């Protein structure tokens with residue numbers, strides 16, 4: 001599937017085509033719609049470069065919330081490691 005972005009929209013965004021793809025990829029990654037691998041492919045960047053872009057923008061590569069922490073604690077307790 002191909003998506004065509006009109007020149008008018010591209011000009012209004014004041015972004016280059018590469019920057020526009022990167023912005024879309026970052027947004028889809030941040031909203032959990034794409035994995036880092038798929039987002040880097042959409043951005044047309046190597047995965048490590050996409051990770052660097054996220055780092056430059058202070059965007060976490062992984063989300064680790066309180067629920068994840070509590071689950072880890074529970075699992076460690078069940079394994080007898082706490």
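The values are calculated or read from the model by the stated rules, or taken from the named source; none is laboratory data. All of these numbers come straight from a predicted model, not from anything done at the bench. Here the Cβ is made from the backbone with ideal geometry for all residues, glycine too, and neighbour counts use every protein chain on show.
With surrounded by 11 or more Cβ atoms within 10 Å (Cβ to Cβ) and assigned to a loop (DSSP other than H, G, I, E, B) as the only criterion, which of 9, 26, 5 stands out? Just a single option satisfies the conditions, and that option is 5. Within region 51-82, the set of residues being touching a helix residue (DSSP H, G or I) at 6+ places or on another chain (Cβ under 9 Å) and surrounded by 11 or more Cβ atoms within 10 Å (Cβ to Cβ) comprises 51, 53, 54, 59.
Of all residues in region 39-61, exactly one satisfies the criterion of being under 9 Å from the mean Cα position of the chain (by Cα) and free of Cβ contacts under 8 Å to residues at least 12 places away in the same chain, namely 60. Scan region 37-50 and give yes if some residue there is exposed (fewer than 12 other Cβ atoms within 10 Å of the Cβ), out of contact with any helix residue (DSSP H, G or I) (no Cβ under 8 Å at 6 or more places or on another chain) and modelled with pLDDT under 95, otherwise no. Scanning region 37-50 turns up no residue that is exposed (fewer than 12 other Cβ atoms within 10 Å of the Cβ), out of contact with any helix residue (DSSP H, G or I) (no Cβ under 8 Å at 6 or more places or on another chain) and modelled with pLDDT under 95.
Scan region 12-23 for residues that are exposed (fewer than 10 other Cβ atoms within 10 Å of the Cβ) and in a loop (DSSP other than H, G, I, E, B) and the total you get is 1.
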